[in-house]
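Written below as structure tokens is the structure these notes are about.
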Amino acid sequence: MSEDLRQAYKLRFEGELEQEQYEICDFRQEADVTRRDALKALGGGLFFLVAVRAQDRVAPVRIQLADNGVVRAFTGKMEMGQGSRVILAQAVAEELHVGFEKVDLVMGDTDLCPDDGGTWASLTTPQTIPVIRQAAAAVYASRNGTPVSLRSPKDWRVLGSSIPKPTSRAIVTGRQIYPSDLRREGMLHASIVRSPHLKSTLQKADVSAAEQLSGVRIVRSENLLAALSQDMRTAASAARLIRAEWSPEPVPEIATWAEEFRKSAVEPVEQNQARYPPLLRLGNLDEGFAAGTRRLKSDYWLSPIAHVPMEPRAAIAEWKDGRVTIDCGVQAPFLVRQQVAKALSVPEDKVRIIVHDSGGGFGGKQNGECEIEAAILARGAGVPVRVAWSREEEFTQSYSRPAGLLEVESAIDSEGRFTAMRFANYNAGPAGIRPQYAIPHHWVGYYRTKSFVRQGSYRSLAAVANNFAREMHMEEWSARLKLDPVELRLRNIADARLREVIEKTAARFGWKSRKTAQGRAFGMSCNLEKDARLALFVEISTSPEVRVLRMAATGDFGAALNPDNLKNQMTGAILQGLGGALWEKLEFDAQRQKTRRLSQYRVPRFRDLPEMDIEVIDRREVDGAGAGESPITLTAPAIGAALFAATGKVPRSLPLLS
Amino acid sequence: MTLEFELNGKTQRCSPAEGVTLLDLLREEFGLLGAKLGCGEGQCGSCTVLLDGRAVRACITRAASVSGRKVGTIEGLAKAGGLHPLQRAFIDQQAFQCGFCTPGMIMGAAGLLNANPSPGPREIKAGLDGHICRCGTYPRIVEAVRLAAQVMKKEAGRV
């Protein structure tokens, strides 16, 4: 149910928007604000509701010019470390011609903020920023009797600056309140009785021992069974005393999934308006393969991995007069509002979701999970209920990054240029499937398949899988043709900005003067993903163990709205990619997920940190691209390429060391 | 049991239940929410506080074990109203993204600098290896700790 709602919600925000087509289609000063309690609480001043249209979609924006001189903007986007809060505030300050310190941003409150989509798909920079800029400019124009006009990048005073996060001081002093830090008067903590299996139904439960504990209440609602108490330890002790019986469904062994994917694959159809079109076709494959002088086929496999946000998710739900307010850290508050309303059989306007800056999401906190649980338990208990997942629940109760089977077959001519490619992705997804290479005849498609564990979004979605397969395939060609990997890329890339990024990085890295030695190897990767042009070059040592020694990367994201934040994001994504590249992997047996604790799942640590040289090309004249995701697609193939150079064996699966 | 210990320079008395962790005590009894619950098995470092000047994982430390000892948390790191050089350096370097690991990271760094006031990058990485930053801000953290150490040495020299 939740997944259907999420798919339907995402469809509303599909399709690319041309920035030049943004226009104000409605502008009004809100006169009836004093009758709306939630807005009333924000103090007086003028409230403006501006509707910005781009093609057939209308995005509402609310802006308040408060009596005390504060400018307040309202957005449904949220902050989870990626810097949306600072860049959106910069955009407001710029177009309202006020100092940055005057701007306050209210994020992710479904009562106060417009529904401008979930915080995903790197959309804040390319979509939300232009909308907020238009709206702020419209307010400025109306206050000053001037025509609406956006500040030109060459005149930027706030945008384009490396302004520090406004929450910096709170973060370093321990005063930043995260969803798991929230407390409420009269609240009970809930410890939920979890099935040990991947999929099962609750049959019966003996709660008699648990009920004996002082101050403990048991609440059951269908499959959801929890012990509630004023402190978490007692609630958890009580939950452990509950004897629950489950009927598990078996899950096929992961070794059989590739075959199962092929068997259950659904032929893709062209959907060119989709955000991630699942089928791209050009020319004629037979012709293309016939035109090539050599042909190559390779298969690749990606294991499912976990998000591991540092903060396990938490929510507090409180019902009052038939309406529930849920304080939490979800990435898509309006989607979660829908999901909660459906799960509790109430109209949407009886649900308020308030998002607090959260301790990491990475695509894993899009759905209502502990939020729905808290709402159900709070209604059953008649008091506010807090559901804070443990690290084990964070590993086992939510969705993981999908497993992927990839088949790549291509033909190349005597100049090392592609003539044809057939690229098939099973299960992982269509994101990032478009090749960065010029291939005159191609069929590039994503097969939806059966999946056996809960799977969902992860930073860059399937782009990691697609770029790993594509770039490893390039490395195989490079070896067969005895052509330098950089040279092979350049022969097949038409995009001038991507060529520049590759050449600049190669030069900075010293690619031409590299000397492969015993236990030392080099590799590279590139990508053109969500309008970002990217390249990564790595040096690794292979003994006594595989270690990345040095990385050089360049990113061209168009205009850098906040250059330092952008660099931080790019570096962080590349480093997070180390984990999926080298070690991260969820393990399952027939009924259970075996990976349940941090001690069982290796993530990148200080010991893994290579020397890093990260540069961003800031092109002010080009509309900014989002950067939160795309750099993570570079790490695995660059290291894979280096391992290939070191061992002569093509790595065919992720994680590389398993 | 009655527990008496020093918390951020002040003597405190309380009666935690059997088995309560230091993390629970700090967060629930004293409302000090800076130390975080990240994993509950001492693997991530988000719960780090100082115990007699040494960094410990509060999530796997029994509250009872701090009897008669000195506990330091992020809330007590700076002198009244100001910022500790580590906090100042983390802000200047923007050595965080979501910030959830940051209080523990800073306390871990404080413990490291108590033991070694002049660590090089290799020693900083080794000393903080028990801390995970999923957002991947490691290079900035190393730089922030290195710079803070320099400031602290200068300040110590002046006093």
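Observations on the structure shown:
- Between residue A:597 and residue A:650, the C-beta separation translates, for a Förster distance of 45 Å, into a calculated FRET efficiency of about 0.85.
- The loop-placed trypsin sites (Lys or Arg not before Pro) in the range B:1-107, going by DSSP, that have at most 15 neighbouring Cβ atoms within 10 Å of their Cβ come out as B:69, B:79.
- Spacing of the modelled spin labels on residue A:183 and residue A:290, each 7 Å from Cα toward Cβ, amounts to 7.6 nm.
- Loop-resident GluC sites (Glu not before Pro) (DSSP state other than H, G, I, E or B) in the range A:489-583 with no more than 10 further Cβ atoms inside 10 Å of their Cβ: A:545.
- Inter-chain Cβ neighbour count for A:597-607, averaged per residue, equals 5 (cutoff 10 Å, partner chain atoms only).
- Cβ-based exposure ranking for A:94, A:287, in which fewest neighbours within 10 Å come first: A:287, A:94
- Helix axis angle, B:138-158 relative to chain B longest principal axis, alpha carbon, degrees: 90
- With a 10 Å cut-off around each Cβ of B:29-36, the average count of Cβ atoms from other chains is 4.
- With K and R counted +1 and D and E -1, the other residues having a Cβ less than 13 Å from that of residue B:127 yield a net charge of +4.
- At R0 = 45 Å, FRET efficiency that the Cβ-Cβ distance of residue B:29 and residue A:247 yields, to 0.05: 0.60
- Backbone N within the range A:111-126 under 20 Å of label point (7 Å from residue A:23 Cα along the Cβ vector): none
- Computed over the protein assembly as shown, the per-residue total of -39500 (n - 2.57) for DSSP H runs of n ≥ 4 gives a 222 nm mean residue ellipticity of -8500 deg cm²/dmol, rounded to 500.
- Spacing of the modelled spin labels on residue A:8 and residue B:123, each 7 Å from Cα toward Cβ, amounts to 6.1 nm.
- Pairs over the 25 Å Cα-Cα cut-off, from the set A:365/A:594; A:594/A:649; A:102/B:36; A:165/A:350; A:515/B:125: A:594/A:649; A:102/B:36; A:165/A:350; A:515/B:125.
- Here the gap between residue A:587 and residue A:149, fully extended at 0.36 nm per residue and compared with their Cα-Cα distance, gives a gain of 152.2 nm.
- Computed packing ranks the peptides A:295-306, A:328-339, B:97-108 as B:97-108, A:328-339, A:295-306, most packed first, by mean other Cβ atoms within 10 Å.
- FRET efficiency for residue A:214 and residue B:154, using Cβ-Cβ distance with R0 set to 41 Å, rounded to 0.05: 0.15
- Residue by residue along A:562-571, Cβ atoms of other protein chains within 10 Å of the local Cβ number 3 on average.
- Per-selection Rg to Rh, the range A:529-658 - Cα, Kirkwood hydrodynamic radius: 1.03
- Averaging the sequence gap over all C-alpha pairs within less than 8 Å and six or more residues apart, then dividing by the number of residues, gives chain A a relative contact order of 14 percent.
- Counting every other Cβ atom within 10 Å of each residue's Cβ, A:413, B:24, A:67 order from fewest to most as A:67, A:413, B:24.
- Relative intensity, log₁₀ I(q)/I(0), of chain A from a Debye sum that treats every alpha carbon as a point, q = 0.10 Å⁻¹: -0.98
- Distance between the 7 Å Cα→Cβ label points at residue B:60 and residue A:512: 5.2 nm.
- Extension gain, residue A:281 to residue A:41, is 81.0 nm, computed as 0.36 nm per intervening residue step minus the present C-alpha separation.
- Among A:647, A:119, a tally of other beta-carbon atoms within 10 Å of each Cβ gives an order, fewest to most, of A:647, A:119.
- If only the Cβ of Lys and Arg carry +1 and only the Cβ of Asp and Glu carry -1, the dipole of the range A:153-301 around its Cα centre is close to 780 debye.
- Structural descriptor for chain B: relative contact order 23 percent, calculated from alpha carbon pairs under 8 angstrom and at least 6 residues apart.
Only the coordinates and a few stated rules stand behind these numbers; no lab work does. Remember, predicted model here, so these are calculated numbers, not experimental data. Note: ideal-geometry Cβ built from the backbone for every residue, glycine included; neighbour counts use all protein chains shown.
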